[in-house]
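Notes to accompany the following structure.
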């Protein structure tokens with residue numbers, strides 16, 4: 001799949017990029033460019049820009065001079081961090097604890113993207129939510145459930161990596177049901193903390209996510225697709241999140257039977 005940039009609003013651009021598993025299967029990835037109320041720009045996630053996408057980004061950002069920060073919000077999305085910093089060396093660089101441990105040579109800011117201290121810095125433009133009841137950085141390298149979810153208030157857009165998936169179904173499948181589906185990442189069962197109450201905590205967090213961000217109209221999800229309010233022919237994002245939570249019932253009940 002080729003790189004492309006989607007303009008979600010006057011102040012939000014979603015970059016759909018390429019990421020190949022084992023060098024063969026392209027599952028895609030994303031980063032978002034957001035113009036803050038102060039006129040400066042922030043990247044959510046890192047991606048190696050090239051070609052027409054890079055030209056568009058540099059035209060928007062005064063050749064990168066107006067990019068003030070890069071916020072890496074998924075602990076296991078680390079491939080493009082170094083190149084992103086090289087492309088925008090003057091931008092403040094933020095990452096999760098895993099980003100810092102994987103690339104200690106980079107000039108990381110002290111606050112981590114999962115920390116409340118970071119969320120306060122950018123509170124004028126963004127709201128942040130970190131999943132509860134699950135490991136944020138799993139000891140299992142194959143469990144990529146958790147990320148920092150970000151809402152850009154002005155554009156009513158959610159940027160999310162892995163935690164929530166949005167999938168457009170093939171035309172053949174649409175004859176039998178909905179045209180698209182939103183769901184929580186399938187590694188939820190392995191991501192839940194091994195303790196009593198973890199399933200309850202996750203359920204309450206997901207309900208809070210839907211209610212706190214009930215006005216969201218757009219959702220940009222890594223590896224899958226972006227859902228925009230203009231093209232949404234189904235339920236609201238609020239309702240889709242609650243429907244996605246309902247689909248986790250068996251997983252959460254199984255965890256409660258084992259841990260309480």
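Derivation of every value follows stated rules applied to the coordinates shown; laboratory data play no part. Computed from a predicted model, the values in this text were never measured in an experiment. With ideal geometry, Cβ positions are generated from the backbone for all residues, glycine too; neighbour counts draw on all protein chains shown.
Arrange the peptides 232-238, 47-53 so that the one whose residues have, on average, the most other Cβ atoms within 10 Å appears first.
Highest to lowest by the protection proxy: 47-53, 232-238.
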Between residue 83 and residue 214, what is the label-to-label distance in nm when each label sits 7 Å out along the Cα-to-Cβ direction?
4.2 nm
Percent antiparallel among DSSP beta bridges (both partners in the stretch 4-259, rounded to 5):
75 percent
Given the options 219, 60, 188, which has the most mean-square fluctuation in a GNM of the chain, springs set between C-alpha atoms less than 10 angstrom apart?
60
Choice from 76, 88, 145 with maximal GNM fluctuation in the chain (Cα, 10 Å cutoff):
88
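Starting from the Cα coordinates of the stretch 4-259, work out the convex hull volume and express it per residue in Å³. Present the calculation step by step, with values, prior to reporting the outcome.
Working: hull volume 35.0 nm³, N = 256.
Roughly 137 Å³ of hull volume per residue.
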In degrees from 0 to 90, rounded to the nearest 10, what is the angle of the helix 249-259 Cα long axis to the longest principal axis of the chain?
70 degrees
Cubic angstrom per residue, convex hull over Cα atoms of the stretch 113-238
120 Å³
Rg(Cα) / (2.2 N^0.38 Å) computed for the stretch 167-260, rounded to two decimals
1.20
Ordered by fewest other Cβ atoms within 10 Å, a rough proxy for footprinting exposure, 224, 78 read 78, 224
Just want to confirm a number: the relative contact order over the chain, from Cα pairs under 8 angstrom separated by 6+ residues, in percent.
14 percent
Label-point gap, in nm, between residue 58 and residue 102 - each point 7 angstrom along Cα→Cβ:
2.7 nm
Unit-weight point scatterers at every alpha-carbon of the stretch 66-120, Debye formula, q = 0.23, 0.28, 0.31, 0.32 1/Å: log10 I(q)/I(0) is -0.85, -1.24, -1.44, -1.49
Report, to two decimal places, the Cα Rg of the stretch 54-167 normalised by 2.2 N^0.38 Å (N = number of residues).
1.08
Choose one answer from 55, 16, 183: the residue with the largest mean-square fluctuation in a GNM of the chain with alpha-carbon springs under 10 Å.
55
